[in-house]
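Peer 1: Take a look at the following structure, please.
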Amino acid sequence: MDSTTRHILDLSRRGLLRGAAGLAALAAIAPARQAGAQQAFRTWPFTLGVASGDPAPDGFVLWTRLAPEPLTPDGGMPRVALPVTWEVAEDRGFARVAASGTAIARPELAHAVHVEVAGLNAARPYFYRFRSGTEVSRVGRARTAPAPGATPARLRFVTAGCQHFEHGHFTAWAHIAEEADLDFVFHYGDYIYEYRGRVPGQPGWGPRVRQHIGEETISLADYRLRYAQYRTDPDLQAAHAAHPFLPSYDDHEVDNNWAGPHSEEDGRGRHPVAVPPEVFALRKAAAFQAWYEHMPVRAAAIPRGPDITAYRRMDFGTLARVNVLDTRQFRDDQPCSDRNGQPCAEVPRPDAQMLGTTQEAWLLAGMTDSPARWNIMAQQIPMMRRLLRGGGIAMDKWDAYPAARQRLLDGMVDRRTPNPVVLSGDVHVALASTIRRRPEDAESTAVAVEFTATSATSEGDGADMTPAGEDTLRRNPDMVLYNARRGYCVSEATAAQMTTEFVTLPFVTREGAPRMTAATFTIEAGQVALRTGGG
Ligand SMILES: [Fe+2]
């Protein structure tokens, strides 16, 4: 890799020692050189790549993290703040620099750097890179959003997530890196999985093609190391370098199936020993800090202890409004002790909360007089009606929060929100469905469409169809696709229609899987129906 060979100022050549003594030496010289940008690294510090995100008409967020030894505590960095310069150019060769500046990589944030670039031109690609001392990062490509009021010819985006590191290679990310002209990649979450490393031969969930380092993540150091391990993957780095991301999170960034203040271990059902909310709050604070540190998101998402504001809205001219939602932090605990099956008496509770009252009101306000042709809810869990085997429902999804879903659907209909489109993931299968005004009533009118992206790796190779899939399709007549392979979705919207391609991979337990198309669906603007095929 050119970047790792790009060079290294070896302190031992200067008579300094490697290891702890070398770090001490670096710590000693760094503060004195804050302004000079000549600090020495024993190895190349940009091992975790670069990223851009949250595009606006005049800029975007740029991200990197200094970590010369990414899989060691503190990433091999001394506990001092260091300057990192950044450049944004119109060309890959950086002949036409459009913006530049210096940011500070602070030890409090694991030497992550977040730059909110502004003042750029709308709707065009830019190239960026970072420099610290004599070291230079790889070049990334970002893209600004269209100007407010502009009507771009098209919007292209990917929906992806659920990337259990042990379950497969990140081939999906290699293919996403190669997708042409994306405006953004919506990452719905499960960017990391919190589970401990599974040693060879140990039984467990899913295949094991590589191993998490360490135990189940609980502390800030644990989560940082887990993100670093995932982010050392070259395919994931390539995708980040190629396109701006809209990052979100689901449950595994913290703990499986957490809900609001409740840990998965909530003292009910399968988890009789509870983790008290005030203790779980400490874990959430650590998890959110590490998420912020590793994602190209704005300073508004810096957590305040166990609280984080990750829901936000981005407009792409008059073509699309993207509402990135948080379906974990403000929801009620899952009903029925989170046991999938027949709904218990708790399910129809009239005050059920999935988004929480504040986010729900914010979302509906954004659905009122929206200037956009397509109003996208970029979120985590299936909103569609999805009856499982035996006719039961999944307690972690919108199906188990029917009153909350009904308020949202009624709200969109009342506001005549144009073309609502729901994006989701979480269930590790690809699904496409319409959502009816009253989802439990098969006779009511369809009011939205939903595309559920399958996992990038989670649960391994999979299959196009499974007995569970056949059963699901039989029970849910509005569902037009079920596919249990790994992959992602690519959507392209114009003023007239939106087409979504379900990309799948024949395998992920080996490297090099080709990109395949499982299905393509088109929605005509103004109609709530999924037509098979593109164009
Ligand atoms: Fe997942």
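The values are calculated or read from the model by the stated rules, or taken from the named source; none is laboratory data. Note that this is a predicted model, so its numbers are computed, not measured. Note: ideal-geometry Cβ built from the backbone for every residue, glycine included; neighbour counts use all protein chains shown. Please note that ligands, DNA and RNA were not included when accessible areas were found on the heavy atoms of the full protein model with its side chains. Shrake-Rupley method; radii C 1.70, N 1.55, O 1.52, S 1.80 Å.
Peer 1: Would you confirm whether or not the stretch 481-489 contains a residue that is touching a Gly at 6+ places or on another chain (Cβ under 8 Å) and either among the hydroxyl-bearing types (Ser, Thr, Tyr) or at pLDDT below 95 (or both)?
Peer 2: yes
Peer 1: Kindly list the number of the only condition in (1) open to solvent by 40 Å² or more (accessible area, probe 1.4 Å); (2) part of a strand (DSSP E or B); (3) free of Cβ contacts under 8 Å to residues at least 24 places away in the same chain that fails for residue 492.
Peer 2: (3)
Peer 1: Could you go through the stretch 294-307 and let me know if any residue there is more than 26 Å from residue 159 (Cβ to Cβ), among the hydrophobic types (A, V, I, L, M, F, W, C), in the same structural domain as residue 191 (by TED's automatic domain parsing) and free of Cβ contacts under 8 Å to residues at least 24 places away in the same chain.
Peer 2: Among the residues of the stretch 294-307, not one is more than 26 Å from residue 159 (Cβ to Cβ), among the hydrophobic types (A, V, I, L, M, F, W, C), in the same structural domain as residue 191 (by TED's automatic domain parsing) and free of Cβ contacts under 8 Å to residues at least 24 places away in the same chain, which makes the answer no.
Peer 1: While we're here: Can you tell me which of 112, 103, 122, 147 is within 24 Å of residue 73 (Cβ to Cβ), more than 16 Å from the ligand (Cβ to nearest atom), of a type outside the set (Lys, Arg) and more than 23 Å from the chain's Cα centre (by Cα)?
Peer 2: 103
Peer 1: Follow-up. Please go through the stretch 511-535 and give me each residue that is among the polar types (S, T, N, Q) and open to solvent by less than 60 Å² (accessible area, probe 1.4 Å), ordered by number.
Peer 2: Selection gives 520, 522.
Peer 1: Taking the conditions exactly as written (at pLDDT 95 or above, open to solvent by less than 10 Å² (accessible area, probe 1.4 Å), out of contact with any strand residue (DSSP E or B) (no Cβ under 6 Å at 6 or more places or on another chain) and more than 25 Å from residue 72 (Cα to Cα)), does residue 230 satisfy them or not?
Peer 2: No: the conditions fail for residue 230.
Peer 1: Exactly one condition in (1) closer than 19 Å to residue 117 by Cα; (2) without any contact (Cβ under 8 Å) to a residue 12 or more places away in the chain is false for residue 87; which is it?
Peer 2: (2)
Peer 1: Any chance you could count how many residues in the stretch 410-430 are open to solvent by less than 10 Å² (accessible area, probe 1.4 Å) and within 16 Å of the ligand (Cβ to nearest atom)?
Peer 2: Selection size over the stretch 410-430: 4.
Peer 1: Restricting to the stretch 166-200, what's the tally of residues that are touching a helix residue (DSSP H, G or I) at 6+ places or on another chain (Cβ under 7 Å), assigned to a helix (DSSP H, G or I) and within 12 Å of the ligand (Cβ to nearest atom)?
Peer 2: Summing the residues that are touching a helix residue (DSSP H, G or I) at 6+ places or on another chain (Cβ under 7 Å), assigned to a helix (DSSP H, G or I) and within 12 Å of the ligand (Cβ to nearest atom) in the stretch 166-200 gives 0.
Peer 1: From the list 372, 404, 361, 365, pick out the single residue that is in a loop (DSSP other than H, G, I, E, B) and of a type in the set (A, V, I, L, M).
Peer 2: Criteria check complete, one pass: 372.
Peer 1: Taking the condition of being surrounded by 15 or more Cβ atoms within 10 Å (Cβ to Cβ) and not in a strand (DSSP E or B), how many residues in the stretch 476-489 meet it?
Peer 2: Summing the residues that are surrounded by 15 or more Cβ atoms within 10 Å (Cβ to Cβ) and not in a strand (DSSP E or B) in the stretch 476-489 gives 2.
Peer 1: Just the residues that are touching a residue at least 24 places away in the same chain (Cβ under 8 Å) and open to solvent by 20 Å² or more (accessible area, probe 1.4 Å), please, taken from the stretch 342-356.
Peer 2: 342, 343, 348, 349, 350, 351, 353
Peer 1: Starting from the stretch 143-162, take each residue that is more than 30 Å from residue 429 (Cβ to Cβ) and list its partners that are away from the ligand (no atom under 16 Å from the Cβ) and aromatic (Phe, Trp, Tyr), counting only C-beta distances under 6 angstrom and pairs at least six apart or across chains.
Peer 2: 145/316; 146/316
Peer 1: Also: Looking at (1) under 30 Å from residue 200 (Cβ atoms); (2) in contact with a strand residue (DSSP E or B) (Cβ under 8 Å, 6 or more places away or on another chain), find the lone condition where residue 124 falls short.
Peer 2: (1)
Peer 1: Another question about this same structure. Could you grab the pairs with beta carbons closer than 7 Å, sequence gap of 6+ or different chains, first residue in the stretch 180-201 and over 19 Å from residue 426 (Cα atoms), second one open to solvent by less than 10 Å² (accessible area, probe 1.4 Å) and within 12 Å of the ligand (Cβ to nearest atom)?
Peer 2: Listed pairs, sorted by first residue: none to list.
Peer 1: Please go through the stretch 377-395 and pick out each residue that is part of a loop (DSSP other than H, G, I, E, B), more than 19 Å from residue 249 (Cα to Cα) and open to solvent by less than 20 Å² (accessible area, probe 1.4 Å).
Peer 2: Result: 384, 392, 394.
Peer 1: While we're here: Taking the residues in the stretch 216-274 that are of a type in the set (Phe, Trp, Tyr) and outside any loop (DSSP other than H, G, I, E, B) as candidates, determine which candidate is nearest to the ligand (Cβ to nearest atom).
Peer 2: 230
Peer 1: What number of residues within the stretch 276-303 satisfy the criterion of being part of a loop (DSSP other than H, G, I, E, B) and open to solvent by 50 Å² or more (accessible area, probe 1.4 Å)?
Peer 2: So the count comes out to 3.
Peer 1: For residue 463, only one of the following conditions fails: (1) touching a residue at least 24 places away in the same chain (Cβ under 8 Å); (2) among the hydrophobic types (A, V, I, L, M, F, W, C); (3) closer than 30 Å to residue 514 by Cα; (4) in contact with a Lys or Arg (Cβ under 9 Å, 6 or more places away or on another chain). What is its number?
Peer 2: With (1) touching a residue at least 24 places away in the same chain (Cβ under 8 Å); (2) among the hydrophobic types (A, V, I, L, M, F, W, C); (3) closer than 30 Å to residue 514 by Cα; (4) in contact with a Lys or Arg (Cβ under 9 Å, 6 or more places away or on another chain) applied to residue 463, the lone miss is (1).
Peer 1: Continuing with the same structure: Conditions: (1) open to solvent by less than 40 Å² (accessible area, probe 1.4 Å); (2) outside any loop (DSSP other than H, G, I, E, B); (3) more than 16 Å from the ligand (Cβ to nearest atom). Residue 507 meets all but one. Number of the miss?
Peer 2: Condition (2) is where residue 507 drops out.
Peer 1: Let me ask another. Counting only residues that are outside any loop (DSSP other than H, G, I, E, B) and out of contact with any helix residue (DSSP H, G or I) (no Cβ under 7 Å at 6 or more places or on another chain), which one in the stretch 33-52 is modelled with the highest pLDDT?
Peer 2: Here the answer is 52.
Peer 1: Is it true that some residue in the stretch 431-439 is in contact (Cβ under 8 Å) with a residue 60 or more places away in the chain, of a type in the set (A, V, I, L, M) and more than 16 Å from the ligand (Cβ to nearest atom)?
Peer 2: Checked against the condition, which is being in contact (Cβ under 8 Å) with a residue 60 or more places away in the chain, of a type in the set (A, V, I, L, M) and more than 16 Å from the ligand (Cβ to nearest atom), the stretch 431-439 yields at least one hit.
Peer 1: Taking the condition more than 13 Å from the ligand (Cβ to nearest atom) and either more than 25 Å from residue 499 (Cβ to Cβ) or buried (at least 21 other Cβ atoms within 10 Å of the Cβ) (or both), does residue 470 pass?
Peer 2: Yes.
Peer 1: Another question, if that's okay. Output the number of residues of the stretch 440-452 satisfying the condition of being in a strand (DSSP E or B) and either within 14 Å of the ligand (Cβ to nearest atom) or modelled with pLDDT under 95 (or both).
Peer 2: Count: 1.
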